[in-house]
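The values are calculated or read from the model by the stated rules, or taken from the named source; none is laboratory data. Computed from a prediction, not measured in an experiment: that's the story for all the values here. FYI the Cβ positions are ideal-geometry reconstructions off the backbone, even for glycines, and counts take in every protein chain you see.
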Amino acid sequence: MLNRLNSLEALVHGRKAGHSLEAPFYTSPEIFEADMEAIFHRHWIYVGVEPDVPEPGDVASVEIGKASILLIRDDDNEVRAFFNVCRHRGARLIDEEKTTVGNLVCRYHSWTYGLDGRLLHAPHMGPDFDPSCKGLKPVHLRSLEGLLFVCLAENPPEDFDEIAARMGPYIAPHNVRNTKIAYQSDLVEMGNWKLTIENNRECYHCEANHPELTVPLFAYGFGFAPEELDPIDLENAQRYDALRQASHAEWEAMGLPSREIEELDTRVTGFRTERLPLDGEGESHTMDTRAACRIPLGAVANAKLGGLSFWTQPNSWHHFLGDHIVTFSVLPLDAERTLVRTKWLVNKDAVEGVDYDIERLIEVWTATNAQDAALVAMCQQGATSPAYEPGPYSPNTEMLVEKFIRWYISRMADHLAQ
Amino acid sequence: MLNRLNSLEALVHGRKAGHSLEAPFYTSPEIFEADMEAIFHRHWIYVGVEPDVPEPGDVASVEIGKASILLIRDDDNEVRAFFNVCRHRGARLIDEEKTTVGNLVCRYHSWTYGLDGRLLHAPHMGPDFDPSCKGLKPVHLRSLEGLLFVCLAENPPEDFDEIAARMGPYIAPHNVRNTKIAYQSDLVEMGNWKLTIENNRECYHCEANHPELTVPLFAYGFGFAPEELDPIDLENAQRYDALRQASHAEWEAMGLPSREIEELDTRVTGFRTERLPLDGEGESHTMDTRAACRIPLGAVANAKLGGLSFWTQPNSWHHFLGDHIVTFSVLPLDAERTLVRTKWLVNKDAVEGVDYDIERLIEVWTATNAQDAALVAMCQQGATSPAYEPGPYSPNTEMLVEKFIRWYISRMADHLAQ
Amino acid sequence: MLNRLNSLEALVHGRKAGHSLEAPFYTSPEIFEADMEAIFHRHWIYVGVEPDVPEPGDVASVEIGKASILLIRDDDNEVRAFFNVCRHRGARLIDEEKTTVGNLVCRYHSWTYGLDGRLLHAPHMGPDFDPSCKGLKPVHLRSLEGLLFVCLAENPPEDFDEIAARMGPYIAPHNVRNTKIAYQSDLVEMGNWKLTIENNRECYHCEANHPELTVPLFAYGFGFAPEELDPIDLENAQRYDALRQASHAEWEAMGLPSREIEELDTRVTGFRTERLPLDGEGESHTMDTRAACRIPLGAVANAKLGGLSFWTQPNSWHHFLGDHIVTFSVLPLDAERTLVRTKWLVNKDAVEGVDYDIERLIEVWTATNAQDAALVAMCQQGATSPAYEPGPYSPNTEMLVEKFIRWYISRMADHLAQ
């Protein structure tokens, strides 16, 4: 074990800049455990949205590695998080992904906890038993305008407030707290979680793989090699750039912050955002580029808001459109399997079949997710080969992959130095 | 590996009295291997009953970890046990759980063994081959009034004779050898074997989880916090205690030993017994508390014999009623999966559909087993959480769990000291 | 890990001659990894036949442990082998077992390789990128009269030329390159790969297990204990021996090399061959011992050519009949699972349903493979038992098993000494 960790240290410090990682980062169960400890148990992990628990007594459970976490909305309307473990014999308290309760009652011996985690009742324990020491163990939780992040560590990274201050104004106009979950998909990708994130951080693969996503998205928005463009492509690229700048100016004038913030590898809680113009009608991530839901999310009348994208390290990305939000949480299962949980949110007053059609709402990203899962599986298969070696990232189209990997390596180095 | 075993030593010696075990005891594959070596390969393990092999030539196979064992009734009517491995190329000899043979013939190259394990025939081995050294490897086997215990070690614990002497008179009146197996169920519980046993050693969970079992069983028989009882409950508890003492006196006068023997943590082969009165009609573990089989097991005319319970460390429990026996063998599969094998025995002259109905016979324990399996799985899930920590046992209702754990820890400590 | 490898060394050097291996050789994941490294990544491994890729642009993929290999026929009609890994992000290039391509295009980012492995196109990589260093990694490949062997090591064993020189004349008359694959079966045996090979290297088990195979095969051809034969058996054995010698003389006069070459444990690339007379009509491995295909493989008119058998260490055997070829490749999956891939080849001009019937062609070996898989699984089950110990090989019928094991042990010893 020590030898293996020493070798993790060597792998971390020997990382070749501008290249994909050495194979064990994708395949080794030991490095997976180190990832869980260093990354997923110590950073802010995106796990869901406030509309997952819309009413007092609503409970949602989510698994971060071996830790099952409960998100609970208390009677005071606060959302809190606890470990899903009874303090008596250690039974899992809630088995369902979603439920509603008065109190949290362990099925095993009826130990009963309040929505605030306090142990209210524990029969037969005798007069010497002190229930005040046996409340549910709390988990740090922060809501960024309705996006829920938890941290399993005792001392979470301190930069969340700053991120909330900078990102809040971008997200707030989309009114996450006023939405409902129209649809959720859970997809298990047969690859390491870092391959899932790497794949998310570039659109170099979009042209060959995502016929649906490239309907609303401009490929130019994700980089290209200028020297390879023919005159027509070059003109299109320049036109796109002009559109982006004009749109930013227009949107910001409307009170919608839109310009890029790029902090992917410059802080503990790395993130990036930008509002991007969309192709066609420019309204939404749909096959006709028009809104999928008739009731807008926010107060802004104009439907052509483009798409506000928001990426966080280590495990999320989100697209805020004028009519809906699609939000992704990446939850590692083991070294070679990763859960991608996708939620589509619409205005909570929208009525299915009247204001929106589920198929149309989820069409683009359901197809895109399936395509991405196949690509991630191909990379996992390749990384297990003795012939695999780190390959070079494109300096034009894979800069954000490089930033994710640089962030990851620096977080691991910090962890190993402790 | 050494580090892990050292840490096992630390975990064993650091066990917190009165509390459930540290998580690795339930989850670690290394500690599972240690359990198999120290507990299941060195103690008397309950594997079945003589009626599993009623006739000469009958063979039953049973798996204790990676060891497949054959129980064979020889022509002299003796039951013997052997390892299920051919001495030539190591093939498993018998694949079925039950079969009947003349000799044991290996399918691979026709090496042929007698029912006493001697190698009778091995073709093509040449004149220098000595078959007398290549008989099947024997396994220690003891029958306690028809209950079969094996020990895989060369030198089994020596206390079995004493247990047989003390328990024999309790069990003998139920005539195990005169029964047949009316039904067997094999249930895989998704938890460590110790969680299965812990769950069996308390009825604190019965009220909330076992609506069927609590029909015949008095909850008071398994402990309560006296200070929590209201006057009505207290009176009921006192009435139950009087009934128990009166019943013991009555049954013992009939020649049925009934009073508690409690040796769960005082010896290598820990055990406990007591005959307990039943609720309602008081006859059997059925939903109407009447006998499930019209032909009694023994010579005693009175049907209201209560239930003689018998528990052994590490892996069995049994309930001997007037009309049938239900007997449980716990066989670990891996750190997180355990086989619970339940057999319902009735008088061998009883005719199914005439003297007993299978559904009625197995109703209570089939439901109870399924409920227990769900509880064990909840505890296993909880024990894998980083938030799990040992919780306190109730001093009123979980004393026998504590005794099991104390026995286990002391057996492991002994093993590590060798 | 070091301890485990030291213990591998002890196991290798402590091997008991004339006996099956110690259990860890069949069950340990660590020794499986050592087998893959020492044996399957450094020796010539039989993977298929030229007719797997009959036309330019045809590609076949095959897995040797974690290495996926592509067999590709180039436009110059040469067959070449490459690792199935893109040099960019490491994606597996070809997912299908068989396909036909113009160039090899990675689905991920459209990196494009020629059939000779050169990187032809890599978009967006910028002017500093040098594609000449990023061709597909080649794998050593040799064709022995159409049988394809690969070696994953940089420096493959040097004795292949000599084997080709000695074996070529035996195989050439059967015209492998002029055949097509009439049928392929992939069977996963639930046992270690060495049990699969051991089982293949003796016919001691044939009488009790292979009713179909023993129709064309004479059991006498695979050894017996002379002192156990009764006078009739002895006369039959002598008659068989005379037939074999007369057949060899006759076939060699026809230009068909037929006499035994036995080099199973005398060289790095161990092998053995002999042409054996068949029972009944003597034509083929069929249930009526007549040819299964009306069009012969070669130019020789006489259909009674017996069966030329060819065995290689570590992973193949083959039977060349007058009318068809059946050829077996053994590919380990993990310590306890092994793929046996069987191909039946007929003259490429033969028409299914007219010149041959698939059922009749594959009948004998389909049954035999299934029987062998059951035997291998029995041995694997036995080897996991704590009661397993190495058993003695028959000096009369298991000499070739002993030679395989001796070869294996000597190859492992060589590897550990490096």
* To do: Answer yes if at least one residue in region B:215-238 is in a loop (DSSP other than H, G, I, E, B), surrounded by fewer than 21 Cβ atoms within 10 Å (Cβ to Cβ), without any contact (Cβ under 8 Å) to a residue 24 or more places away in the chain and out of contact with any strand residue (DSSP E or B) (no Cβ under 6 Å at 6 or more places or on another chain), and no otherwise.
  => yes
* To do: Consider only pairs whose beta carbons are under 7 Å apart and that are at least six residues apart or on different chains; among these, list those whose first residue lies in region A:183-210 and is free of Cβ contacts under 8 Å to residues at least 24 places away in the same chain and whose second residue is part of a strand (DSSP E or B) and crowded, with 22+ Cβ neighbours inside 10 Å.
  => none
* **Odd one out for A:Val351 among (1) within 14 Å of chain C (Cβ to nearest Cβ); (2) surrounded by fewer than 21 Cβ atoms within 10 Å (Cβ to Cβ)** => (1)
* Search result, residues across region C:276-332 that are in contact with a Lys or Arg (Cβ under 6 Å, 6 or more places away or on another chain) and closer than 14 Å to C:Thr179 by Cα -> C:Thr327
* Asked: C:Leu141: hydrophobic (A, V, I, L, M, F, W, C), surrounded by 19 or more Cβ atoms within 10 Å (Cβ to Cβ) and either outside the structural domain of C:Ala60 (by TED's automatic domain parsing) or not in a strand (DSSP E or B) (or both), yes or no?
  -> no
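For region A:90-105, give me each residue that is more than 11 Å from chain B (Cβ to nearest Cβ) and of a type outside the set (A, V, I, L, M).
Start the filter on region A:90-105 by keeping residues that are more than 11 Å from chain B (Cβ to nearest Cβ), which leaves A:96-104.
Within region A:90-105, A:Glu96, A:Glu97, A:Lys98, A:Thr99, A:Thr100, A:Gly102, A:Asn103 meet the criteria.
Please go through region C:12-59 and pick out each residue that is aliphatic (A, V, I, L, M) and within 24 Å of C:Pro157 (Cα to Cα). If you could, list the steps in order and put the result at the bottom.
Start the filter on region C:12-59 by keeping residues that are aliphatic (A, V, I, L, M), which leaves C:12, C:17, C:21, C:23, C:31, C:34, C:36, C:38-39, C:45, C:47, C:49, C:53, C:59.
Result: C:Val12, C:Ile31, C:Ala34, C:Met36, C:Ala38, C:Ile39, C:Ile45, C:Val47, C:Val49.
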* Out of (1) buried (at least 17 other Cβ atoms within 10 Å of the Cβ); (2) closer than 14 Å to A:His19 by Cα; (3) within 14 Å of chain C (Cβ to nearest Cβ); (4) out of contact with any Phe, Trp or Tyr (no Cβ under 9 Å at 6 or more places or on another chain), the odd one out for A:Met399 is which? -> (4)
* To do: Consider A:Asp58 carefully, then state whether it is surrounded by fewer than 15 Cβ atoms within 10 Å (Cβ to Cβ) and either on the phi > 0 side of the Ramachandran plot or more than 14 Å from chain B (Cβ to nearest Cβ) (or both).
  => no
* Checking C:Ile197 against (1) aliphatic (A, V, I, L, M); (2) under 30 Å from C:Leu333 (Cβ atoms); (3) in contact with a strand residue (DSSP E or B) (Cβ under 8 Å, 6 or more places away or on another chain); (4) assigned to a loop (DSSP other than H, G, I, E, B), the condition it does not meet -> (4)
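Using the structure shown, decide if A:Leu345 is in contact (Cβ under 8 Å) with a residue 40 or more places away in the chain, in contact with a helix residue (DSSP H, G or I) (Cβ under 9 Å, 6 or more places away or on another chain) and buried (at least 18 other Cβ atoms within 10 Å of the Cβ). Break it down into steps so the answer makes sense when it comes.
Working: in contact (Cβ under 8 Å) with a residue 40 or more places away in the chain: yes; in contact with a helix residue (DSSP H, G or I) (Cβ under 9 Å, 6 or more places away or on another chain): yes; buried (at least 18 other Cβ atoms within 10 Å of the Cβ): yes.
For A:Leu345, the condition - in contact (Cβ under 8 Å) with a residue 40 or more places away in the chain, in contact with a helix residue (DSSP H, G or I) (Cβ under 9 Å, 6 or more places away or on another chain) and buried (at least 18 other Cβ atoms within 10 Å of the Cβ) - is met.
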* To do: Determine whether A:Ser68 is away from chain B (no Cβ under 12 Å), in contact (Cβ under 8 Å) with a residue 12 or more places away in the chain and polar (S, T, N, Q).
  => no
* How many residues does region A:202-214 contain that are surrounded by fewer than 21 Cβ atoms within 10 Å (Cβ to Cβ) and charged (D, E, K, R)? -> 2
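Determine which member of the set C:Ala370, C:Ala374, C:Ala413 is part of a helix (DSSP H, G or I), under 30 Å from B:Leu333 (Cα atoms), more than 11 Å from chain B (Cβ to nearest Cβ) and at pLDDT 95 or above.
Details: C:Ala374 fails: more than 11 Å from chain B (Cβ to nearest Cβ); C:Ala413 fails: under 30 Å from B:Leu333 (Cα atoms).
When all the criteria are applied, what remains is C:Ala370.
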* Working only within region A:259-284, note down all residues that are within 14 Å of A:Arg166 (Cα to Cα), without any contact (Cβ under 8 Å) to a residue 60 or more places away in the chain and outside any strand (DSSP E or B). => A:Arg259, A:Glu260
* Structure fact -> When C:Ile171 is run through (1) within 17 Å of the chain's Cα centre (by Cα); (2) part of a strand (DSSP E or B), the failure sits at (2)
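Out of C:Phe83, C:Phe149, C:Phe160, report the one residue that is within 13 Å of another protein chain (Cβ to nearest Cβ) and farther than 17 Å from C:Glu55 by Cα.
On the way: C:Phe149 fails: within 13 Å of another protein chain (Cβ to nearest Cβ); C:Phe160 fails: within 13 Å of another protein chain (Cβ to nearest Cβ).
Result of the check over C:Phe83, C:Phe149, C:Phe160: C:Phe83.
Just to verify a result, which residue in region C:106-143, among those that are more than 33 Å from the chain's Cα centre (by Cα) and among the charged types (D, E, K, R), is farthest from the other protein chains (Cβ to nearest Cβ)?
First, pick out the residues of region C:106-143 that are more than 33 Å from the chain's Cα centre (by Cα): C:108-111, C:120-133.
If we keep only those that are among the charged types (D, E, K, R) as well, we get C:128, C:130.
Numbers: C:Asp128: 8, C:Asp130: 10 Å.
Among residues in region C:106-143 that are more than 33 Å from the chain's Cα centre (by Cα) and among the charged types (D, E, K, R), the one farthest from the other protein chains (Cβ to nearest Cβ) is C:Asp130.
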* For residues that are assigned to a helix (DSSP H, G or I) and not β-branched (Val, Ile, Thr), tally how many sit in region A:381-410. => 12
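Being part of a helix (DSSP H, G or I) and acidic (Asp, Glu) is the filter; apply it to region A:159-168 and report the residue that is surrounded by the fewest Cβ atoms within 10 Å (Cβ to Cβ).
Applying the filter and picking the extreme gives A:Asp161.
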* Structure fact -> All conditions in (1) away from every other protein chain (no Cβ under 12 Å); (2) over 24 Å from B:Leu333 (Cβ atoms) are true of B:Gln184 except (2)
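Going by what's in this entry, would B:Val326 be described as closer than 29 Å to B:Ala67 by Cβ, without any contact (Cβ under 8 Å) to a residue 60 or more places away in the chain and more than 14 Å from every other protein chain (Cβ to nearest Cβ)? Break it down into steps so the answer makes sense when it comes.
Working: closer than 29 Å to B:Ala67 by Cβ: yes; without any contact (Cβ under 8 Å) to a residue 60 or more places away in the chain: yes; more than 14 Å from every other protein chain (Cβ to nearest Cβ): yes.
Considered against the rule, which asks whether it is closer than 29 Å to B:Ala67 by Cβ, without any contact (Cβ under 8 Å) to a residue 60 or more places away in the chain and more than 14 Å from every other protein chain (Cβ to nearest Cβ), B:Val326 comes out as yes.
Can you give me the number of residues within region A:354-380 that are polar (S, T, N, Q) and surrounded by fewer than 21 Cβ atoms within 10 Å (Cβ to Cβ)? Full working, then the answer.
Pass one, region A:354-380, residues polar (S, T, N, Q): A:366, A:368-369, A:371, A:380.
Imposing the further condition that a residue be surrounded by fewer than 21 Cβ atoms within 10 Å (Cβ to Cβ) reduces the set to A:366, A:369, A:371.
Of the residues in region A:354-380, 3 are polar (S, T, N, Q) and surrounded by fewer than 21 Cβ atoms within 10 Å (Cβ to Cβ).
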* To do: Identify the single condition in (1) over 30 Å from C:Ser410 (Cβ atoms); (2) modelled with pLDDT of 95 or more; (3) not basic (Lys, Arg) that C:Leu234 does not satisfy, given that it satisfies every other one.
  => (2)
* Structure fact -> B:Met287 fails exactly one of (1) under 24 Å from B:Ile358 (Cα atoms); (2) crowded, with 18+ Cβ neighbours inside 10 Å, namely (2)
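Looking only at region B:94-126, how many residues end up being under 20 Å from C:Glu202 (Cα atoms) and free of Cβ contacts under 8 Å to residues at least 24 places away in the same chain? Walk me through it before giving the result.
The initial filter retains those residues of region B:94-126 that are under 20 Å from C:Glu202 (Cα atoms), namely B:105-112, B:121-126.
Now drop any that are not free of Cβ contacts under 8 Å to residues at least 24 places away in the same chain, which leaves B:105-110, B:112, B:121, B:123-126.
The qualifying residues number 12.
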